[in-house]
1. Mind scanning Lys34/Lys95; Lys59/Lys103; Lys63/Lys103; Lys23/Lys63; Lys67/Lys95 and naming the pairs with a C-alpha gap bigger than 23 Å?
2. Quick query: amide H of Leu76 versus all other amide H atoms, modeled in the peptide plane; which residues come in under 5 Å with a sequence gap of 5 or more or a different chain?
3. When a/c reaches 1.5 or more, the comparison of a/b and b/c decides; with that in mind, is the range 13-67 rounded, prolate or oblate per its Cα gyration tensor?
4. Which distance in nm do the two modelled labels at Gln62 and Asn91 give, with both placed 7 Å along the Cα-to-Cβ direction?
5. Per residue and in Å³, how big is the convex hull formed by the alpha-carbon atoms of the range 32-115?
Amino acid sequence: MVDSKDMVEAEDVKSFIKPLNGKDDFTLWRRRMKSNLILQDLYEAVLGIENKAVDMADKVWQKMDKKARSTIELHLADHVLGRVLDSGGDNMSSKETWDYLEKVYAGVPEKHSIGQVCSKFQSRRSNHVSRSYSKIYTGKLDGSYLRTEEEVHTKGLGSGVGS
């Protein structure tokens, strides 16, 4: 049996979520933000008005939506919040704000070191991913040292001097 004094209410949970700055991993920020909104009973607003309970008054929904949007906005870096406001201003719902962040930041590729790129390249090669789309960086920024996996496999990486 659980003692009531050992239970933690959602309101008692304090969380720190680093503001989304567009450089860090959006997937982790989104997960933490979703958890935060769930703990505050606000996540339904992010899912959109079509998920509003039938018996919920419009005024209650609007308040929930504003709280959800405010919670999201408080976890955005200034320049990210500026982009959100430029895209729709104060008229955006929490769902529109969430969807905008998904559209802009979910597809941002992570920055990788050359070692990570080569490691991914080896993984792709062993998994027989289409050779025509896999490329490896061999040293020059102008693209002349970019080689498809097929080229690397048949010709090697080259000498590194304009080959």
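Laboratory data are not the source of any read-out in this text; all were calculated from the coordinates shown. If you're wondering where the values come from, they're calculated on a predicted model, not measured in any experiment. Glycine gets a Cβ as well: all are built from the backbone with ideal geometry, and neighbour counts include every protein chain shown.
1. Numbers: Lys34/Lys95 12 Å; Lys59/Lys103 29 Å; Lys63/Lys103 25 Å; Lys23/Lys63 31 Å; Lys67/Lys95 12 Å.
Violating the 23 Å Cα-Cα cut-off are Lys59/Lys103; Lys63/Lys103; Lys23/Lys63.
2. Here the answer is Leu20, since their amide H atoms fall under 5 Å of that of Leu76.
3. prolate
4. With each label point 7 Å from Cα toward Cβ, the separation is 1.6 nm.
5. Numbers: hull volume 9.5 nm³, N = 84.
Dividing the Cα hull volume of the range 32-115 by its residues yields 113 Å³.
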